[in-house]
Amino acid sequence: MKRIRHYVSRLVSLDVSNMLAVARAINSRSRTPVLIILLDMVWCSLVYQTGYLDYEEFEFNTLSRAERRTWITSGNANSIVVKYNQRDFRERFNDKPTFNAIFSEWLGREWLDLRVASEEDFVRFVSVHDPIMVKVVDSMSGAGIEKHSGSQLADAHALYRQLMENRQFLVEAFIEQHAGMSALCPTSVNSIRMITFFDGTDVHVLEAVLRMGNGAEVDNYNRGGMYTVLDEKTGIAAYGAFDKNANTFINHPQTGMPIVGFQVPLFDQVLNTLDTVARIIPQIPYVGWDVAISTTGPAIIEGNYNTGVFQMKPSLTGIKTGLLPKFREVIDF
């Protein structure tokens, strides 16, 4: 019944026009008729719980049935969340200021919740912090995240009213990132998504993903960024990166920095930090942590109780199997 409810909820929110656009994009690369692609998308949704964006991102049109069964899809990821992440504790991750209060020791930056801070508190905050990042407290996929700096902060009272109107209640000091991360892309804070599972005794790092911007002020995949998968023990990228338009990059297009072989600085410290923070709310054992590497060490950006899984395109790696077997070694779902 849970699977049926999840499928129905996806069906109700289905963006048919975008699904058709994705099918046409696949058609332009594969020459498979659009109707055949659409029918296969529906089939994969029923059999493998694959969303149409999963279908394109993981190149399901190139995979055999046996290969498709090895990939974690959005439906698989949701089943982990439903089984393990207790509903009564999810708001501690979903509401960003609540999360910041719980994990303040590991944030590496000052912040304000405008739902409780006064306008004068905000004016004082921007007088000592330039630039700032503002966020909608319950947004996803980078929606509502903006950077304000310089002249934008001159009239702090007007900016305060604008943020309140836009529900951008979370205000944070900008993270000054490690020079090694800036060398990759200087316009955004380039983060790593670390997926962990706490089994009650040990914290398992299941995946490490390097996300980077491409000229924008954020590194989010849905806002022009790209990603590649790291070795979760060493923090080294073995492959190039790709964006949501299926463009692939061996070197960063903005800086020319090689992506293959890139070493995330201070990665040992990241692993030590995760081993601590992943134990704090055991009722939410499955978490995707967004971590920046600041000039003073790892800085937790946020935790995602409903994290999806990042898997590399077969055309980029030559590998047509996904992460499902690896996850099932640790998680029973």
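Each value in this text was obtained by applying a stated rule to the coordinates, not by laboratory testing. All values reported here derive from a predicted model rather than from experimental measurement. When we count neighbours, we look across all protein chains shown, and the Cβ atoms used for this are built from the backbone with ideal geometry, even at glycine.
Under a crude label model (7 Å from the Cα following the beta-carbon direction), how far is residue 317 from residue 260 in nanometres?
1.5 nm
Considering Cα pairs under 8 angstrom that are at least six residues apart, work out the relative contact order of region 192-309 and quote it in whole percent.
On the way: 235 pairs, mean separation 27.9, N = 118.
Averaging sequence separation for qualifying contacts and normalising by length gives 24 percent for region 192-309.
Take the cross-link list 83/233; 83/147; 147/320 and give me the ones stretching past 31 Å between alpha-carbons. Could you put the intermediate results ahead of the total?
Working: 83/233 27 Å; 83/147 36 Å; 147/320 39 Å.
The answer is 83/147; 147/320.
May I ask for the net charge around residue 167, where only other residues with Cβ less than 15 Å from the Cβ of residue 167 are counted and Lys, Arg are +1 while Asp, Glu are -1?
Values: positive: 96, 115, 135, 161; negative: 95, 113, 138, 146, 165.
For residues surrounding residue 167, the net value is -1.
Which value at 222 nm does the chain reach when only helices count, each DSSP H run of 4 or more adding -39,500 (n - 2.57), with the total divided by all residues and rounded to the nearest 500 deg cm²/dmol?
Numbers: 14 runs with 117 residues, N = 333.
Calculated mean residue ellipticity at 222 nm is -9500 deg cm²/dmol.
Mind listing the Cα extents of region 71-121 along all three principal axes, in Å, largest one first?
Result for region 71-121: principal-axis Cα extents of 49, 22, 16 Å.
Taking springs between alpha-carbon atoms closer than 10 angstrom, which of 206, 46, 184 fluctuates most in the Gaussian network model of the chain?
Looking only at 206, 46, 184, the largest GNM fluctuation is found for 46.
For the chain, what is the relative contact order in percent, using Cα pairs closer than 8 Å and at least 6 residues apart in sequence?
On the way: 586 pairs, mean separation 62.3, N = 333.
Value for the chain: 19 percent.
Can you tell me what the convex hull of the Cα atoms of region 2-84 projects to on average, as an area in nm²? Show your work: numbers first, answer last.
Values: hull surface 21.4 nm².
Spelled out: convex hull of the Cα atoms, projected over all directions, averaged, 5.3 nm².
Could you check the simple spin-label distance between residue 140 and residue 36, using points 7 Å along Cα→Cβ, in nm with one decimal?
The two pseudo-label positions are separated by 3.3 nm.
Translational diffusion coefficient of the chain at 4 °C, 1.567 mPa s, Stokes-Einstein with Kirkwood Rh over Cα pairs, in µm²/s as a whole number.
Numbers: Rh = 21.0 Å.
Rounded to a whole number, D works out at 62 µm²/s.
For region 184-333, what log10 I(q)/I(0) values come out of the Debye formula at q = 0.10, 0.19, 0.20 1/Å, with one point per alpha carbon and no solvent?
Taking Cα atoms of region 184-333 as identical point scatterers yields -0.33, -1.21, -1.32.
Give me the net charge for the shell around residue 98: Cβ to Cβ below 9 angstrom, other residues only, Lys and Arg +1, Asp and Glu -1.
Values: positive: 92, 96; negative: 91, 95, 113.
So the environment of residue 98 carries a net charge of -1.
Where is the GNM fluctuation largest for the chain (alpha-carbon springs, 10 angstrom cutoff): 215, 240, 200?
Most flexible of the set in this elastic network: 200.
Given that compact globular proteins tend to follow 2.2 N^0.38 Å, what is the ratio of the alpha-carbon Rg of region 110-173 to that value? Spell out each step's value before the answer.
On the way: Rg = 10.5 Å, N = 64, 2.2 N^0.38 = 10.7 Å.
The reported ratio for this selection is 0.99.
Taking amide hydrogens as modeled 1.01 Å from N in the peptide plane, which residues meet the under 5 Å criterion relative to residue 191, leaving out close sequence neighbours?
Under 5 Å from the amide H of residue 191 lie the amide H atoms of 211, each far enough along the sequence or on another chain.
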